[in-house]
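Read through the structure below, which is laid out as structure tokens, and then see the notes.
The values are calculated or read from the model by the stated rules, or taken from the named source; none is laboratory data. For clarity, every value in this text was computed on a predicted model and none was experimentally measured. No Cβ is skipped: glycine too gets one built from the backbone with ideal geometry, and neighbour counts run over all protein chains shown.
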Amino acid sequence: MNIGITVYPTYGGSGIVGSELGKELAQRGHTVHFIASALPTRLTELNERVRFHEVEMMSYPLFEHQPYTLALATKMATVAEAERLDLLHVHYAIPHSISAILARESLKPQRRLPVITTLHGTDITLVGADRSYLPITRYGIAQSDGVTAISEYLKRATAETFGLNNVTVIPNFVCATDYQRRPVSHLRRELAPNDEPLLAHVSNFRPVKRPVDCVEILARVRKQGINARLVMVGDGSERGRAEHRARCLDVAAHCSFVGKQPRIVDYLSAADLLLLPSEQESFGLAALEAMACEVPVVASRVGGVPEVVTDGETGCLSEVGDVDKMAIDAARLLADEEMRREMGRRARASAVGRYSTDLIIPRYIEFYERILAASGS
């Protein structure tokens, strides 16, 4: 197949999943054309089967804001014609599904270009549920030829918010060979010079991720007599608040803020536990990647996280904001190496057994083929 994929080229779950999906499809013989405003974060190598088409923005004094939605639609239609695309697969409903639908309609009646929309979370739970965006988000979902969601939770939320049930769940995935615990002794020494227990957090540092809670957890773990350290991977609006809170709690010397990193697997391999205290998670991709690296997860019991993390078996779940319980769970696991390692082994088995690329990518391919058959393309 010849597939067009559009993602937000940022440090977030939807961009990561879309990029990794494209690479996996290319490895299976399909040709993937990424259509985006910039090269996606995880797209580090282009070749004959993985191509990139940049959306060019018009600079015109009449427009206070650049018309990204229209520019994207135009680029989608242009690439579809020039490269003879079989379908467009957009990640995140707003505005990508609207742009794809515009591109599809502009090509009629000469050809049929099916549009598949994958819902990732905040496009439904935050943006789509806003009264001003709700009608257009519903339209984008309803007019897509196929719709997928990354968790059962998100499918339910879509039905409750928009009254739409035409959603197929295809969960996020992890490559079992790319994500496995690796020997990273040099990085481990950097982050924990005296081999202290190491907590990790990976996110885009938005308020919904609650990175400040990670600092609170570290402070409470240390008060329980465990000389732990914390590595914070990523960047965003909440980083400054997290750094300030670390200074206020007198744990700044035990925190490493390393910013965005290209090889997340190395930091997960160096860690003993992952902290995911999010206010909302439609799936919890960071948790899945950590579990594949044999790292237990201490997380909030929200959204799709309980579908990924089994409380007491592959991690520990708490209510949002309950940093006291999260700290108790973290301290208990850090203090008992045998229990932590066993939980890590179970986490790896669960991640690979339920969410490996070998299981999930064929489901996307089957979905594509079904939509193509139904549309007569």
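Structural remarks
- Filtered residues of the range 358-377 (kept if under 14 Å from residue 89 (Cα atoms) and among the acidic types (Asp, Glu)): 366, 369
- Filter pass, residue 121 being within 26 Å of residue 363 (Cβ to Cβ), in contact (Cβ under 8 Å) with a residue 12 or more places away in the chain and either within 17 Å of the chain's Cα centre (by Cα) or not assigned by TED's automatic domain parsing to the domain that holds residue 69 (or both): yes
- Looking only at the range 48-68, residues that are at pLDDT 90 or above and within 29 Å of residue 235 (Cβ to Cβ) come to 6 in all.
- Lone unmet requirement of (1) surrounded by fewer than 18 Cβ atoms within 10 Å (Cβ to Cβ); (2) at pLDDT below 95 for residue 181: (2)
- Among (1) closer than 30 Å to residue 231 by Cβ; (2) assigned to a loop (DSSP other than H, G, I, E, B); (3) of a type outside the set (D, E, K, R); (4) without any contact (Cβ under 8 Å) to a residue 60 or more places away in the chain, the one test that residue 212 misses: (2)
- Among the conditions (1) of a type in the set (A, V, I, L, M, F, W, C); (2) more than 24 Å from residue 261 (Cα to Cα); (3) free of Cβ contacts under 8 Å to residues at least 60 places away in the same chain, residue 39 misses just one, which is (2).
- Unmet requirement for residue 253, which otherwise passes all of (1) in the same structural domain as residue 337 (by TED's automatic domain parsing); (2) among the aliphatic types (A, V, I, L, M); (3) part of a helix (DSSP H, G or I); (4) touching a residue at least 12 places away in the same chain (Cβ under 8 Å): (4)
- Residue that is outside any strand (DSSP E or B), of a type in the set (Ser, Thr, Tyr), more than 23 Å from residue 154 (Cβ to Cβ) and touching a residue at least 40 places away in the same chain (Cβ under 8 Å), where the choices are 44, 10: 44
Residue-wise test of (1) more than 23 Å from residue 293 (Cα to Cα); (2) polar (S, T, N, Q).
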residue: 190; (1), (2): no, no
residue: 193; (1), (2): no, no
residue: 199; (1), (2): no, no
residue: 204; (1), (2): no, yes
residue: 209; (1), (2): no, no
residue: 212; (1), (2): yes, no
residue: 217; (1), (2): no, no
residue: 222; (1), (2): yes, no
residue: 229; (1), (2): no, no
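- Sole exception among (1) in contact with an Asp or Glu (Cβ under 7 Å, 6 or more places away or on another chain); (2) part of a strand (DSSP E or B) for residue 232, by number: (1)
- Filter result (of a type in the set (A, V, I, L, M) and in contact with a His (Cβ under 7 Å, 6 or more places away or on another chain)) within the range 6-41: 7, 17, 35
- Residue 32 vs. criteria outside the structural domain of residue 262 (by TED's automatic domain parsing), in contact with a Leu (Cβ under 8 Å, 6 or more places away or on another chain), at pLDDT 95 or above and aliphatic (A, V, I, L, M): yes
- Pairs, first over 18 Å from residue 258 (Cα atoms) in the range 179-208, second buried (at least 16 other Cβ atoms within 10 Å of the Cβ) and not polar (S, T, N, Q), C-beta under 6 Å, six or more apart: 179/265; 179/289; 179/292; 179/293; 181/293; 181/294; 207/238
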